[in-house]
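> A single structure is presented below for examination.
The values are calculated or read from the model by the stated rules, or taken from the named source; none is laboratory data. Everything numeric here is computed off the predicted structure, so don't read it as measured data. Ideal geometry is used to build each Cβ from the backbone, glycine not excepted, and the neighbour counts take in all protein chains shown. When the accessible area is computed, the model is the full protein with side chains, heavy atoms only, and any ligands, DNA or RNA have been set aside. Shrake-Rupley method; radii C 1.70, N 1.55, O 1.52, S 1.80 Å.
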Amino acid sequence: MKVWLQVEINHFEPASSQLGWEQVFKPMFGMTTDPAAVEANEAKLTKVLDVYEARLSKSKYLGGDQFTLVDLHHLPNLQCLIGTPTKKLLDSRPKVSAWIADITGRPAWAKVLAMQKH
């Protein structure tokens, strides 16, 4: 599990956060998205997602066969990316796509999203 937390912290989070900033938050603040930043970070995210696709062909979740903190750490940035053009990178990997559907479909996550609307 420690290995996958490190992958999330050092590879997934930086690229996905930057993509969220460029495609979600900049437009919310009336700022212009930087297409070069999107392209560069999609390339970084692609590499991580390829590793995730391979891992998820061996286990249901990144940390093993149980939902763990590793999966939980991905939820905020994944939720952000689901509403952006970067979603194509997630959808193009069947194991990653199924994993995302599983973890974002958890009742506790639905409650978090409902609380954000209030």
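Let's see how each residue does on (1) touching a strand residue (DSSP E or B) at 6+ places or on another chain (Cβ under 7 Å); (2) farther than 24 Å from Ala114 by Cβ; (3) not polar (S, T, N, Q):
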residue: Lys2; (1), (2), (3): no, yes, yes
residue: His11; (1), (2), (3): no, yes, yes
residue: Ser17; (1), (2), (3): no, no, no
residue: Gly20; (1), (2), (3): no, no, yes
residue: Thr33; (1), (2), (3): no, yes, no
residue: Glu42; (1), (2), (3): no, yes, yes
residue: Thr68; (1), (2), (3): yes, no, no
residue: Gly83; (1), (2), (3): no, no, yes
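So that you can scan it fast, the table gives a plain yes or no per residue for (1) closer than 21 Å to Asp102 by Cβ; (2) in a loop (DSSP other than H, G, I, E, B); (3) in contact with a helix residue (DSSP H, G or I) (Cβ under 8 Å, 6 or more places away or on another chain); (4) free of Cβ contacts under 8 Å to residues at least 40 places away in the same chain:
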| site | (1), (2), (3), (4) |
| --- | --- |
| Gln18 | no, no, yes, yes |
| Phe25 | no, no, no, yes |
| Thr32 | no, yes, yes, yes |
| Ala40 | no, no, no, yes |
| Phe67 | yes, yes, yes, yes |
| Asn77 | yes, no, yes, no |
| Cys80 | yes, no, yes, no |
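> Condition first: open to solvent by less than 60 Å² (accessible area, probe 1.4 Å) and either of a type in the set (Phe, Trp, Tyr) or in contact with a Phe, Trp or Tyr (Cβ under 9 Å, 6 or more places away or on another chain) (or both). Now tell me which residues in region 3-32 satisfy that.
Passing the criteria: Trp4, Val7, Phe12.
> Mind listing whichever residues of region 43-61 are out of contact with any His (no Cβ under 8 Å at 6 or more places or on another chain) and open to solvent by less than 30 Å² (accessible area, probe 1.4 Å)?
If the condition is that a residue be out of contact with any His (no Cβ under 8 Å at 6 or more places or on another chain) and open to solvent by less than 30 Å² (accessible area, probe 1.4 Å), then Leu45, Leu49, Tyr52, Leu56, Ser59, Tyr61 are the ones that fit.
> Any idea how many residues of region 45-78 are in contact with a Leu (Cβ under 9 Å, 6 or more places away or on another chain) and not hydroxyl-bearing (Ser, Thr, Tyr)? Talk me through it step by step, then tell me what you get.
Initially, region 45-78 is screened for residues in contact with a Leu (Cβ under 9 Å, 6 or more places away or on another chain), giving 45-46, 49, 52, 55-56, 62-63, 68-71, 73-74, 77-78.
Restricting the remaining residues to those that are not hydroxyl-bearing (Ser, Thr, Tyr) gives 45, 49, 55-56, 62-63, 69-71, 73-74, 77-78.
Result for region 45-78: 13.
> If you take the residues of region 59-118 that are within 30 Å of Ala37 (Cα to Cα) and among the charged types (D, E, K, R), which of them is modelled with the lowest pLDDT?
If we take residues in region 59-118 being within 30 Å of Ala37 (Cα to Cα) and among the charged types (D, E, K, R), then Lys117 is modelled with the lowest pLDDT.
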